Structure formats: structure tokens, C-alpha cells
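**Student:** For reference, the structure I am asking about is given below.
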Amino acid sequence: GPGPGRLPAAGEEGPLEGGPPDHSYSLSSGTTSEELLRKLNEQRDIIALLEVKMKEMKGSIRRLRLAEAQLREEIREKDRLLHAASAGTRKRHGL
């Protein structure tokens, strides 16, 4: 039966009409079922790897956001302590 690819729209040149492929991933009209299956499996493998990478990146983003929140809290605490110490110093020196 027909392959999974789309037919060229009217006025478009495509591999089925013998013209040059319109995309680098287009297939020639002589592509065998085995080649199509191999390419499909390669694409599935790539998608699976990308999904794993996305999950890893989401985990990294989550960890970075937690670390950022902790650092911001530390900065707030140090600012508070500095402000308190500075206010105490001004009082002692009569400023």
C-alpha cells in the first residue's frame, strides 16, 4: 500500500514526481519497505533519547530552582544580619 509520506500538493515538486526532494529527510520514490522501517526505527530511537534528555533537563531545572531559592534565602538572612549589625554600630557610635 502507500507509504506514510504525504503526496505533493498541486504545483509542488516532490520525490513521487521525480523532482528533487523538498526536504533533507524526504525519501526517493525507490525507497524499500526495509529502508522505511529502518528509518522509522532510527527516528523512534532518536525520539526516545530526546525524551530521556528532556526528563533529565527537567530534573536539573528543578534542582537549580531549589538551589536558587536556598541561595536567595541565605542572602536575605545575611542582609538581615548585616543590617542589624550596622544599626547596632551606628547606635554605639552615636551616628
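**Student:** Keeping all protein chains in place and using 1.4 angstrom, which order do Thr89, Thr31 fall into by accessible surface area, from largest down?
**Tutor:** Thr89, Thr31
**Student:** Quick one: putting +1 on the C-beta of Lys and Arg, -1 on the C-beta of Asp and Glu, what dipole do you get for the stretch 32-94 around its Cα centre, in Debye to the nearest 20? If you can, show how the numbers build up before the last one.
**Tutor:** On the way: 16 positive and 11 negative charges, 156 e Å.
The dipole of the stretch 32-94 has a size of about 740 debye.
**Student:** State the answer as a single residue: which of Ile61, Leu37, Leu49 lies farthest towards the positive end of the charge dipole of the stretch 32-94, with beta carbon charges of +1 for Lys and Arg and -1 for Asp and Glu, about the Cα centre.
**Tutor:** Result: Ile61.
**Student:** With θ set to phi - 60°, apply the Karplus curve 6.51 cos²θ - 1.76 cosθ + 1.60 along the stretch 75-90 and write out the HN-Hα couplings as whole Hz, x wherever there is a Gly or Pro.
**Tutor:** Coupling constants for the stretch 75-90: 5, 4, 5, 5, 4, 4, 5, 5, 4, 5, 5, 5, 5, x, 5, 4 Hz.
**Student:** Just round it to a whole percent: the fraction of Cα-Cα distances in the stretch 32-94 exceeding 14 Å.
**Tutor:** Looking at the stretch 32-94, the distances longer than 14 Å represent 76 percent of pairs.
The values are calculated or read from the model by the stated rules, or taken from the named source; none is laboratory data. Not measured: the values here are computed from a predicted model. Virtual Cβ from ideal backbone geometry, glycine too; neighbours counted across all protein chains shown. Remember, those area values only see protein heavy atoms, side chains included, never the ligands or the DNA or RNA. Shrake-Rupley method; radii C 1.70, N 1.55, O 1.52, S 1.80 Å.
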